[in-house]
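Down below is the structure, laid out as structure tokens.
Nothing in this text is a laboratory measurement; each read-out follows from the coordinates by a stated rule. These numbers come from a predicted model, not from an experiment. Counting neighbours? That spans all protein chains shown, and the Cβs are built from the backbone with ideal geometry, glycine included.
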Amino acid sequence: MTDNNQLTCNTEDAGDNLIPTPKKAVKKTCVRCKEKPSIILFRTDPMCWDCYHEMIIKKFKLNVTRFRDNKKDVERLMLAVSGGVSSRVMMDLVSHFIGGNGSKGTKAKLFFKVCVVHINISCLDQVSGRATEQDHLDHAQRQANLVRSLEEAAQQYEFPFYNIPLENIYGCDESNKKERQQMLIDSFTQFTSSTSKEDILEHFRNQLLFETAHSLGFNKILFGTSSNRLATRLLSSTSKGRGYNVPNETNMVDQHKDIRFIQPMRDFLLKEIHIYHRKMSFIDYTNHNVLLFNNNSKGSINALCEKFINHLQDISNQTIHTLLRSVDKLVSPIDENSVSCSICCANLSEQEIKQLEQYSLALKSSSSSSTTTSTSSCKSSCNNCSASSSCCSTNNNNNNNNNNNSIQLTNNIHKPTLCYSCNQLLRDVKQPPVLTVVPSDSTTTPTPPTLPIYVQKNSTVLLKSYQLRNEIKDFLLDDDE
Amino acid sequence: MDNNNNNGGTTPTTTTTTTTTSTTTTKRVAKLCELCKVQRPVLKRPKTGQMICKECFYQIFEDEIHNTIISNNLFQRGDRVAIGASGGKDSTVLAEIMTTLNKRHDYGLDLFLLSIDEGITGYRDDSLETVKRNQQQYQIPLKILSYKELYNWTMDEIVAEIGLKNNCTFCGVFRRQALDRGAVLLGANKIVTGHNADDIAETVLMNLLRGDIPRLQRCINIVTGSEGALPRSKPFKYTYQKEIVMYAYFKKLDYFTTECIYAPNAYRGHARDFLKDLEAVRPSIIIDIIQSAENFHFRDEIKMPVQRNCNLCGYICSNEICMACDFLKNLNSGKAKYALNSNSLKNYNKSSNNNNDNGTTIPDTTPTNISAIGFDHPLQQQQQQQQQSSSTTSNS
């Protein structure tokens, strides 16, 4: 009877705990060349290093070249590297397939122009909540090693390397570097939860990459995000209300205006990338970003999602593939009327666009009163609004009878120009100090949270275009007409 | 009201009394309800974090559900609505809310309580007692329909047969059909269930994790099955489970709290725990997930299963026979324990096609009483009526 039970373990009464899938005995020789000993179980196939290397380059190349518009044009790829395992491997893979160091042909090199960009977040060390001075020193040392190793790697592959500090999101004037760093730190400390800090870092980083690609003249940015990370992002973005844009964020390609964000490592599990990394004897200097702001006992949404995915992946190794297959069936509709959020550049949903239209109409009608409104009253009205979670909510369950059409401004940002998730993000900003209370131990007034100029610019431009549209809307023709 | 507001809203900074009195005023004033600014708050709303009093909570809770009902146009005047009642907190609050709102806003609905007795000793028999008490309290007709009556199996017997591995799948499929059959017996044209926002967010995550795109598309709808004769709606789609518990607690509602004794659904348990962790970090996460799922756009080429009627019992399904009939067939033939692992439906369809080719008939393993209860079917009847009317019009 016990034997029978063991044989039919799938139908056994499971009780409360799920049973991890039993590990299969791995064949010792490679399934492809059938000669060399296997080093990795790729999906279900045992493979030797040479076959695995060849296959991974082939898959990677396919993922990059499938988005080429014209094969005769020079392809301009910008590699966004954090210095972590995946991006380090990506650099190596790119150099292999375009005929760089160690590969046979060099012809492909003529058709590819590649540069490496690293966004340096070392100035955020002050908001990380690290305990001791030693920790800070260790981190600074690590960061310096990271940049040096990336620079050396880029030199080795003959790619130009750019180290862009994150404070450049506030401009790139060298004379006020310290001020910009302080502004960045101030804006990060204004967010209370580590989730919001991580998210705003992600948005700033993407924006900075976008601007850098523009200024350097590259139209494609390659990211080294592994399938584990993308599956985590799928869950975390869904949890943050970014459903409309989830397919863009997790699929192979995401069109940001005229620049494409490509995820060529989407097919590879972190495990597979790590094996490559170890085999090539690369050194990982990174501190994981999820720990960067981990000053909260509850952790962040991103960290919880990662933990959950890892847990499920341990139970069933198909979890990540299933999740990514699910998102393949989703699509973010993009057309000429698409409008992007002022902070994260994600497309706004139809409902959000409608709200924006209504808002721009209301703004026009009450423009005279809004210009006379003082900054403090704007802020206080906004705070009231966020406390009752009513200002831009699209859910019909919230009883928002008032304030719906009133104008709310935080640092001159018009909230309807932001997506649902970024509005949630701004609700996490600490309450600005009441103006009548003078701080007892300092004579200077506290600085308000300052978001980079691009946010305000996007917001103003977007609103202006909607106001213009309202003026000429009577003369615009619909498809139906 | 304004006077109260002014009195209550007096801030400590503006009081010009002595220091001792000002501190006591500060304490009292600081704790006023954020909505009415009169009463002392007794709870922090899980959804928004607002500190509000009991009366304001009742008001906002009921108003939100009323808004959901009105904005989604869930009911028409004269509808006969069956409330799926298990005796648990969700369905008890649903019964209370539906009767309250029906009276207050004059929806003009005929309400019924509909309970399904799965035949789980020590669980359902106790919870049904609660439903019976609810019937007395709200004065709504109650119909109890049992699995034994319908399928000739109780869940106790099914668990004895198949074990605890897939029992929830059987129970879920049977209950869904039983609710429809019960509603038909009551002459109802709509069913409401107590699925809350937490349930829906959890289902969204589960369907993503399982890669079940058709269900992912469907689970977010506030009304499902509208293509059939019996649409089901979820008035609690945007209502937090914690607020339902609060409402039941403050209203001192009589509900049954024990978990089902056969419910070790480990995978859903993981999703539930995960959601609880997320909610602790950011309380709005449940509404955010629903917001996300409402904004999912699916590729056009995804094939949705074509709805048709079961060959054996006539229930709406997407295969030749419905899941309930397939499960029953396996239960009756003693193969149920293995059937879920070997894609039985396909095998069955193949074998039934072969049988037809040979000129033999499909063995009818459906219990005799299944077709006698409820469905003979509203759908079939509807179709027949449509066919008749079309034939008469064509004749004329």
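Please work out the FRET efficiency for the pair B:Cys168 and A:Phe475, using the Cβ-Cβ distance as r and a Förster radius of 56 Å; give the result to the nearest 0.05.
Values: r = 60 Å, r/R0 = 1.06.
Computed FRET efficiency for B:Cys168 and A:Phe475 comes out at 0.40.
Give the shape of the stretch A:67-328 as rounded, prolate or oblate, defined through the alpha-carbon gyration tensor: a ≥ b ≥ c are the square roots of its eigenvalues, a/c under 1.5 means rounded, and otherwise the shape is prolate if a/b is larger than b/c and oblate if not. Show your work: numbers first, answer last.
Numbers: a/c = 1.45, a/b = 1.15, b/c = 1.26.
Rounded is the answer for the stretch A:67-328, as its axis ratio a/c remains below 1.5.
Hey, which of these cross-link pairs are over 30 Å Cα-Cα: A:Lys240/B:Lys242; A:Lys28/A:Lys61; A:Lys307/B:Lys303? Please report the intermediate quantities before stating the final value.
Details: A:Lys240/B:Lys242 20 Å; A:Lys28/A:Lys61 28 Å; A:Lys307/B:Lys303 33 Å.
Where the Cα-Cα span goes over 30 Å, the pairs concerned are A:Lys307/B:Lys303.
What does the C-alpha gyration tensor say about the overall shape of the stretch B:228-306? Classify as rounded when a/c is under 1.5, otherwise prolate if a/b is larger than b/c, or oblate. Don't skip to the answer; put the middle values down first.
Numbers: a/c = 1.63, a/b = 1.46, b/c = 1.12.
It comes out prolate by the Cα gyration axes.
What is the stretch B:55-294 by shape, rounded, prolate or oblate, if you read a ≥ b ≥ c off the alpha carbon gyration tensor as root eigenvalues and call it rounded for a/c under 1.5, prolate for a/b larger than b/c, and oblate otherwise?
Values: a/c = 1.37, a/b = 1.05, b/c = 1.31.
Judged from the Cα gyration tensor, the stretch B:55-294 comes out rounded (a/c under 1.5).
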Output for the stretch A:127-176: GluC sites (Glu not before Pro) sitting in coil per DSSP, at most 13 other Cβ within 10 Å, listed by number, reads A:Glu158
Can you tell me which lysines have their Cα less than 28 Å from the Cα of A:Lys178? Leave out same-chain residues fewer than eight positions away.
A:Lys197, A:Lys379, A:Lys430, A:Lys457
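If you take the beta carbon distance between A:Lys34 and A:Phe282 as r and set R0 to 30 Å, what does 1/(1 + (r/R0)^6) give as a FRET efficiency, to the nearest 0.05?
Details: r = 29 Å, r/R0 = 0.97.
Step by step, r from the Cβ atoms, then E = 0.55.
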Give me the distance in nm between label points sitting 7 Å out from Cα along the Cα-to-Cβ direction at B:Lys31 and B:Glu259, one decimal.
3.5
Work out from phi, with θ = phi - 60° and the Karplus expression 6.51 cos²θ - 1.76 cosθ + 1.60, the ³J(HN,Hα) of each residue of the stretch A:56-66, listed in order in whole Hz, and give x for Gly and Pro.
5, 5, 4, 5, 5, 4, 4, 5, 7, 6, 5
How far apart, in nanometres, would the label points at B:Lys148 and A:Gln155 be if each is projected 7 angstrom from Cα along the Cα-to-Cβ direction?
8.4
Just to be sure I understand the model, the point goes 7 Å from the Cα along the line to the Cβ. What's the resulting B:Arg104 to B:Asn67 distance in nm?
1.3
Taking 41 Å as R0, compute the FRET efficiency from the Cβ-Cβ separation of A:Gln141 and B:Ala280 and round it to 0.05.
0.70
Kirkwood hydrodynamic radius of the stretch A:97-238, Cα pairs, Å:
17.5
